[in-house]
Amino acid sequence: MAWEFSTEPQFQEQLDWVEEFCRTEVEPLDLVFPGAAYAREPKARALADPLKQQVKDRGLWALFLDRELGGPGFGQLKLALLNEILGRYRSAPVIFGTAAPDTGNMEMLAAYGTEEQKRQWLYPLMNQEIFSAYSMTEPQGGSDPSLFRTHAVRDDDEWVINGEKWFTSAGARADIIFVMCTNGMFVVPRQTPGVQIMDYPALHNHIRYNDVRVPLGHLLGPEDGARVLAQRRLGGGRIHHAMRTVAQVKLAFDMMCERALSRESHGKVIADHQMVQEAIADSYAEITMLRLLVLWTAWTIDNSSTQQARTQIAACKYTCAKVLREVSYRALHIMGSLGTTNLTPLQAMWASAPTMAIADGVDEVHKVTVARNVLKGYEPQAGLWPSEYFPAKREEARKKYASLLAADPDLAAWADRAARAATVRP
Ligand SMILES: Cc1cc2nc3c(=O)[nH]c(=O)nc-3n(C[C@H](O)[C@H](O)[C@H](O)COP(=O)(O)OP(=O)(O)OC[C@H]3O[C@@H](n4cnc5c(N)ncnc54)[C@H](O)[C@@H]3O)c2cc1C
């Protein structure tokens, strides 16, 4: 039997260290100096860099990357277990070198970059000497890549990019932007003339690319390979989001349980009210289901590929949005008025649920992927009846007993009566 639900003791020790480190070092930094981990301000960096160094010294930096690329090569399953802790703390993913959008971009570079491209961008990204963004969706349409228009034209020893992208997270502060064109994926330094960052939105940028010129070596992967690279990039990004969502919903759940035991109403602690118990029981089951789905998906990626785990990743994508919505709502509700303020993490967590259902592709599109892929394993019924139609199945099964039924009329009559009775039963 190969089913195994325990964590190997050596890695558990690492996880225990991470838990303690996040509680005693990362959380205080987050509370007193929010944003220090990804700030460029030298004084803020001086606070965060020693923490990053401690993570490197423990061999836990950029955990998702293979050894030859500078990570420990632990793979997705261990990253999932780590993210169950990191996802609770705002800056922990940056302090561990596993933050979006860089992780997905790094995975794409690792998979498709030439040695020169890795030297130029992957290693500096890994060391957080530079930061990146990913420009894919466009103002006229996000869910359907066939609507994208941004295009590159070759002009001698350069590519010239023209187009418009919408909702490029952290685009305004990125050093390099991965720009998906209809004819390829290009790496564009943000400072290149013609890159125009619009005023709105502030965090997820609207960017115009006006005659942006990059050298030929900035095409990542093959010409016309953008969709394949995008799948590789987004698959990784989605599962990482799902891993961190497990941490978020567990945080909401912990808050819900603590509150249920701490508050009294109508003569008893609210944990003794059955509707509160229902909220806790439903949340427990949903979080456990999500966690197992995410861990199984991570295991599948480690044992096959992101492409092979595509259906599972899509299922993680909309399931994590749903569980986040349900559990954060219940936790907020049980917190009462305090839950509606921004004095606890719950209001922001609840507000992030619709975002989770849209970012990295809307839920509907992922549900279509799952349904389509699952249906490939099925055939239409042969003939008029569904394959589980009892009379037809029974007729077929009687062939197995044909000689017995022919030889024993009493037994045959009994079988007829029993079959009729079985059909009458509701
Ligand atoms: C927080 C956040 C960060 C993001 N970061 C980035 C980023 O870094 N880079 C980037 O390129 N993009 C980014 N995006 C954009 C994101 O990928 C798109 O928002 C997403 O793909 C949906 O595109 P859209 O917003 O244009 O919605 P639309 O495509 O206009 O969809 C709107 C609605 O139409 C319905 N719909 C659409 N298609 C279907 C369908 N096939 N079946 C059924 N219903 C459908 C759904 O109800 C959907 O919610 C980010 C988005 C968010 C929210």
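The values are calculated or read from the model by the stated rules, or taken from the named source; none is laboratory data. Note that the structure is predicted; figures quoted are calculated from it, not measured. Cβ coordinates were reconstructed from backbone atoms using ideal geometry, including for glycine residues, and neighbour counts include every protein chain displayed. In case anyone asks, the SASA skips ligands and DNA or RNA and just uses the protein heavy atoms, side chains included. Shrake-Rupley method; radii C 1.70, N 1.55, O 1.52, S 1.80 Å.
Residues in the stretch 372-380: is at least one in contact with a Phe, Trp or Tyr (Cβ under 6 Å, 6 or more places away or on another chain), closer than 30 Å to LYS322 by Cβ and either within 16 Å of the ligand (Cβ to nearest atom) or in contact (Cβ under 8 Å) with a residue 40 or more places away in the chain (or both)? No, the conditions are met nowhere in the stretch 372-380.
When restricted to residues that are open to solvent by less than 10 Å² (accessible area, probe 1.4 Å) and either within 13 Å of the ligand (Cβ to nearest atom) or assigned to a loop (DSSP other than H, G, I, E, B) (or both), the stretch 210-228 contains 2.
THR344 passes every criterion in (1) polar (S, T, N, Q); (2) assigned to a helix (DSSP H, G or I); (3) over 18 Å from ALA281 (Cβ atoms) apart from (2). Anything in the stretch 95-140 that is within 16 Å of the ligand (Cβ to nearest atom), free of Cβ contacts under 8 Å to residues at least 60 places away in the same chain and open to solvent by 10 Å² or more (accessible area, probe 1.4 Å)? List them, or say none. Within the stretch 95-140, ASP102, THR137, GLN140 meet the criteria. Checked across the stretch 81-91, the condition of being within 24 Å of GLU41 (Cα to Cα), polar (S, T, N, Q) and either more than 16 Å from the ligand (Cβ to nearest atom) or within 17 Å of the chain's Cα centre (by Cα) (or both) holds for at least one residue.
Taking the conditions (1) touching a residue at least 12 places away in the same chain (Cβ under 8 Å); (2) farther than 18 Å from THR103 by Cα in turn, VAL188 satisfies each one other than (2). The residue that is farthest from the ligand (Cβ to nearest atom), counting only those in the stretch 349-367 that are open to solvent by less than 70 Å² (accessible area, probe 1.4 Å) and outside any loop (DSSP other than H, G, I, E, B), is MET349.
Taken together, the criteria exclude PHE74 from residues that are modelled with pLDDT under 95 and closer than 27 Å to LEU203 by Cβ.
Looking across the stretch 144-187, the residues that are near the ligand (Cβ under 10 Å from one of its atoms), outside any strand (DSSP E or B) and surrounded by 17 or more Cβ atoms within 10 Å (Cβ to Cβ) come down to PHE148, ALA170, GLY171, ALA174. Annotation: GLU25 fulfils all but one of (1) open to solvent by 80 Å² or more (accessible area, probe 1.4 Å); (2) acidic (Asp, Glu); (3) farther than 18 Å from ASN127 by Cα; the unmet one is (1).
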